[in-house]
Amino acid sequence: QPPRPCEDYWWEWKHCRGLRHAFHHYYTHGELPACGRWRDDYEACRAWETGRAAAAQEALCNSERARVMERQKYAPVWTLRKSPPPDWYLPLEQDKPN
């Protein structure tokens with residue numbers, strides 16, 4: 001069984017090709033999004049479901065692993081706190097005159 005339903009890959013491909021997503025991606029990254037990967041994953045998923053093709057299974061699993069690794073390579077922007085600050089219960093000083 002594929003890691004996701006094949007319709008998810010189809011929806012991601014359609015979303016990636018949409019005008020709103022393309023504009024946002026171009027504004028954010030300065031280049032148009034590469035949507036071919038979603039289309040290839042959809043075709044591999046269909047081949048895996050219909051014919052149990054080993055090559056399609058391998059390609060889809062490698063693509064999912066690469067997607068997970070790409071998501072994990074960016075560290076969080078802020079470090080998470082272990083506990084609240086020691087003076088968290090005190091009132092804010094914004095209402096006091098300078």
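The values are calculated or read from the model by the stated rules, or taken from the named source; none is laboratory data. Owing to the predicted nature of the structure, the values given are computational and were not obtained by experimental measurement. Note that each Cβ is placed from the backbone with ideal geometry, even for glycine, and that neighbours are counted across all protein chains shown. Accessible surface areas use protein heavy atoms only, side chains included; no ligands, DNA or RNA. Shrake-Rupley method; radii C 1.70, N 1.55, O 1.52, S 1.80 Å.
Points worth noting:
- Filtered residue count, the stretch 34-85, keeping only those that are in a helix (DSSP H, G or I) and aliphatic (A, V, I, L, M): 10
- Any pair with Cβ under 7 angstrom, 6 or more apart, that starts in the stretch 25-41 at a residue that is within 20 Å of Ala66 (Cα to Cα) and open to solvent by less than 90 Å² (accessible area, probe 1.4 Å) and ends at one that is of a type in the set (S, T, N, Q) and outside any helix (DSSP H, G or I): none
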